[in-house]
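A short write-up of the structure that comes next.
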Amino acid sequence: MDTRLFSHTNWSLLALMLLLYLAGMVNLYSASGTRLDSGMSFSGFYQRQMVWGVCGLCGMMVAMSFDYRRLRNLAWPFFFISLILLLLVPVAGKTIYGAKRWLSLGFMSIQPSEIAKLAVLLIAARILSREAKPLGWKNFLSVIAVVTLPCCLVILQPDLGTTLMILLILAGMVLFHGLRGYVFKTCLLLAPCAAALMWFVGMHDYQRQRILTFLNPGNDPRGTGYHILQSRIAIGSGQLWGKGFTEGTQSQLRFLPERHSDFAVAVFGEEWGFVGCLILITLFCLFLLAIFSTASQAKDRFGSLLVVGVFFYFFWQIFINIGMVIGLMPVVGIPLPFISYGGSATVLNFTLIGIVLNVSMRRFMFKG
Amino acid sequence: MKPPHNTAVPARTDAYPHGRRGLFRSWLKIQVENERYQPPHNGLIILQVFIGILFFVLVTRLWYLQIQRGEEFARLSLENRLRQEHIFAPRGRIMDMAGKTIADNRTAYGLSLVREDCRDIPATLTQISVWSGIPVSQIWEKYQQDRFKVKSFEPILMLTDISFELLARIESEIFAWPGLEIVVRTKRNYPEKDIFAHVLGYVAEVNEKEMEDDPALAAGDFVGKAGLELELEKQLRGQKGLFDVEVDAHGRALGRVLKKEPRSGHETNLSLDLSLQRAAWEALGGEAGCVVVMEPDSGKLRALVTSPAYDNNLFAAGISRRDWEALRTSNRFPLQNRVIQSVYPPGSVWKLVMAAMFLEHGISPRENVFCPGQVKLGGQIFRCWKQGGHGNVNMESALVVSCDVYFYLMAEKVGIDKIEAYAKACGFGRATGIGLPHERTGLVPSRAWKRRRFGQPWVRGDTYNISIGQGYTLVTPLQVAVYVSALLNGGDLLKPRLVEEDERLVTGKLPAGAGTRDFIVKAMRLAASGGTARVVARKDADMGGKTGTAQVVKLKMAAGDRRLRTAEMEYAQRDHAWIVTWGAKDGKRYVIVVMVEHGGGGSSVAGPVARKIYDHLFGPEAALAARAAQ
């Protein structure tokens, strides 16, 4: 193996990722506990998360093993495969909580919308890397046209959260690449219209309800507002230093809903306090900065756009999930990377970081 | 990190030039941009700005929640947990016309369980069984049923209406059982028990369907299930209040903040008269039957008794399965409200309707008919109730002595179609609209009905039967009371009123002119003074009446040509006894309808019941003297 591969690898990114994963494990251990009369009982979430982490490391190795520029060739085939899977969902999908999002493979279930997220990231990186100039109408609309179909399929499932994620990742990449002034201004003008369209046509009643509840959670403290109020109480009651590891009453006494998955960071905030949260958010920001540095050092446009896509993939999840838990955003089912429990999400996160590391370690190929 | 290197290499088309071919060729091809790539300057700045915003926004908000408002949230979370508790609004009382209570509330103690506070649910349920003596399996069953009806931290009502001795015992031991709590709930109480059972109905614990239909209801609530309790549910119920309760980690309530005052239900005055209702109940003397006392001018019901009845307190306390089965399967049908939910052949009472119809269809009251005691129609003999016949009768005397033959022959002249239309116009065959659940409409038969029902054409014999209130005609006692009231009040068919403050409501106009009405009223007066209804005669009041003896099965003749006596018949085959009366004294007028199921003769069985009720209404005047005078 070329030693230069090794020396160029973005080690700090890897270290930060492992640190976050570790923090997630520790938090999950506490979140899976329930206080009983005879002490604590822990369910096996953190053990399973450990297994998923190992799987994730394997995925990361695979993602690092080949030259990332081959991914450009894969973008279109991958895109079509994800479209086919999305089309299969209404036909053969499993219905869970009133939404059809899952395809059962017998031994496991996959969520085609997650794959679509990745496919859109790749295809956008490929299309945007064609030209160095900021996007004019033609290129801009062609990107929009390509993602319209997968977005429509996902929103029909219905899965508003993932649709928004896809659009936000795409928006980040487009912003990074640059837009002509007039395109940008037109988009700004059209944004409120798009939001209105979303509200009246694209949303289900329960989704609208969530947003209204978010605006005024006190309205319905036992129903939809319950999550918001309880997670605010959990976080707020952590105060400066927190209640201590496994001492959080909100979560241990089962006040906090979804405490392993979407609201995991509320457990963290309750037990580690403001100081712990500050450290966690700093870690996340350093993690994003590490991805950023790879993007800025990449030696080709495709690689750099790929890394920027991954950057926004993490950025929006962090922003939306923590924002939701601390009451800045409506409740949408988006997990926090490395902190929330989730098998396929963990594997995917590790694999994406593998791609970023891949880009960082192959910078030398351009030096000749 | 090394500083970025800006010298680009010459383009290479393949990183692995040593020949791999075939399927993976396109995958292996690496396209390299051969320009000198520099990431867009603005793009990099945007990424950094995004990271900055992320950090700033999240940290600021966390500072606000954890430092600024930290103590407040800590108080809410650490020791105290916020719960909401309902304050039950007392259900509106129900009173009689004079303001005497016939349904109120009493304090009752219950035992409730909060799952989340319970350390060991099986042991707790076993303890409840030990206290109450109810088998553990039954307690488990109730728990399993109710646990999904409540939200987390809401109490499940496990025991209701605990006795005082048991309450004392539970109170002394409850501290060992976290999650259990003694709760105070008001219980519906019906002091008059059976007497008002069918009018009032009862309340019982809400079921899942009712909760679905009405979001204001929650598990453990009591709602009206029958009678006025059901009909007036919305106004009787009131509105629950709300407490915010702070509870510590052991489930003990620390403090309550009143969020919403409870609003008690609307108090309702009925038009019924408690003492009259009691008198009517006693007059019936336990016979299966019913009594309607109605004011003909206002439509107000002063008594509405049906017997046998049941103790509606049993339902309010949560009726046991055994009691319920006993009520449901009893062959005396105590759950049936006979005034509106049972239909009977009207018997001779029906002649009041027929006579009015004859008059309205141009038959002269003076027209004579000779009654030889029976009429032959084809091979069939239609008898008059009086063996040997009444001789010459006209309309008035036919009503007074209740001659069947007169009505056979006259009805045939008019025909079934007109009878049907007239009876319907008099309010028969449709509900009176009294405002109690499950009122039946009765039946006015017609040619079309018979064809539909039996596939047979109408025959003359059917008309004969109809004319004396036999055959297919079915009425409720209340319909008869409404009809007779209309004769007296100028022809208004009124909605019978149970609630004092309800408006007088005319539901139809009697198709009988003043002459017709006066004629019928006069005939009833004659019947009461010297005819079949003389049992109600009294000197101090203007009285009128008509009896009826409705056959339940076709006439059975004993050996020879003699009719069976009532006592000789099976109970279920005995005739229904009717009397329809009105009485006026000191400007007060009443219509009283008495129906005794399988009682036998109208004048001998139903008559004395009506007589006793008049004694109560008008005072026990020289009733004996009146009878002696005959």
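Could you name the aspartates and glutamates whose alpha carbon sits less than 12 Å from that of B:K509, not counting residues in the same chain fewer than 8 places away? Partners found: B:D492. When the charge dipole of segment B:446-522 is built from unit charges on Cβ atoms (+1 for Lys and Arg, -1 for Asp and Glu) and taken about the Cα centre, the candidate among B:L498, B:A481, B:W449 whose Cα reaches farthest toward its positive end is B:W449.
What does the net charge come to around B:R430 if you take all other residues with beta carbon closer than 15 Å to its beta carbon, with K and R at +1 and D and E at -1? Cβ neighbours under 15 Å give a net charge of +2.
Kirkwood hydrodynamic radius of the protein assembly as shown, from the reciprocal of the average inverse Cα-Cα distance over all distinct pairs: 36.0 Å. The mean of 1/r over all distinct Cα pairs in chain B, once inverted, gives the Kirkwood hydrodynamic radius of 30.4 Å. Available extension along the chain between A:L5 and A:R180 is 59.3 nm, counting 0.36 nm per residue and deducting the alpha carbon span.
Just so you know, the averaged projected area of the alpha carbon convex hull for segment B:103-152 sits at 4.9 nm².
Rounded to the nearest 20 debye, the dipole magnitude of chain A is 1080 debye, with +1 charges on Lys and Arg beta carbons, -1 on Asp and Glu beta carbons, and the Cα centre as origin.
In terms of packing, defined here as the mean over residues of other Cβ atoms within 10 angstrom, the peptides A:180-190, B:38-48 line up highest first as B:38-48, A:180-190. Peptide A:298-306 has a mean of 5 when you count, residue by residue, the C-beta atoms of other protein chains within 10 Å of its C-beta. Work out the FRET efficiency for A:K138 and B:V59 from their Cβ-Cβ distance, taking R0 = 51 Å, and round it to the nearest 0.05. According to the calculation, E is roughly 0.75.
Counting only lysines at least 8 places from A:K138 when in the same chain, those with an alpha carbon closer than 18 Å to its own are A:K185. Between the helical axis of A:264-297 and the longest alpha-carbon principal axis of chain A there is an angle of about 10 degrees.
Inside 10 Å of the C-beta atoms of B:52-60, what's the mean count of C-beta atoms belonging to other chains?
That average works out to 5.
For B:D518 and B:I381, a Förster radius of 22 Å and the Cβ-Cβ distance give a FRET efficiency of 0.05, rounded to the nearest 0.05. Principal semi-axes of the equivalent ellipsoid, √(5λ) from the alpha carbon gyration tensor of segment A:3-366, are 33, 26, 20 Å from largest down.
Taken residue by residue and averaged, Cβ atoms of other chains lying within 10 Å of the Cβ of A:307-318 number 2.
The order of the peptides B:140-149, B:234-243, B:57-66 by mean Cβ neighbours within 10 Å, most packed first, is B:57-66, B:234-243, B:140-149. Given R₀ = 51 Å, FRET efficiency for B:W140-A:I110 by Cβ-Cβ distance, to 0.05? Approximately 0.75, to the nearest 0.05. To the nearest ten degrees, helix A:45-65 and the longest principal axis of the Cα atoms of chain A are 10 degrees apart. Computed from Cα atoms, the angle from the helix A:137-155 axis to the main principal axis of chain A rounds to 40 degrees. Top mean-square fluctuation among A:G53, A:G44, A:G242, Gaussian network model of chain A, C-alpha springs under 10 Å? Judging by the Gaussian network model, the answer is A:G44.
For the pair B:N368 and B:R453, the difference between a 0.36 nm per residue extended length and the Cα-Cα distance amounts to 27.0 nm.
Taking the average, over residues, of other Cβ atoms within 10 Å as the packing measure, peptides B:577-586, A:263-272, B:360-369 rank A:263-272, B:577-586, B:360-369 from highest down.
Summing Cβ point charges (Lys, Arg +1; Asp, Glu -1) relative to the Cα centre of the protein assembly as shown gives a dipole of roughly 3120 debye. Debye-formula intensities of segment B:83-269, expressed as log10 I(q)/I(0) at q = 0.13, 0.15, 0.16, 0.17 Å⁻¹, are -0.75, -0.99, -1.10, -1.21 (one equal scatterer per alpha-carbon, no solvent).
Please identify the DSSP H helices in chain B that span no less than 24 Å along the helix axis (Cα) and have a mean Kyte-Doolittle hydropathy of 0.0 or more.
On the way: long enough: B:41-62 (32 Å, 1.90).
Correct list, ordered by number: B:41-62.
Simple point charges give the picture: +1 on the Cβ of Lys and Arg, -1 on the Cβ of Asp and Glu, and for chain B a dipole about the Cα centre of about 2000 debye.
Read the figures in this text as sums done on the coordinates, not as results from a lab. Just so you know, these numbers come straight off a predicted model, no measurement behind them. Note that each Cβ is placed from the backbone with ideal geometry, even for glycine, and that neighbours are counted across all protein chains shown.
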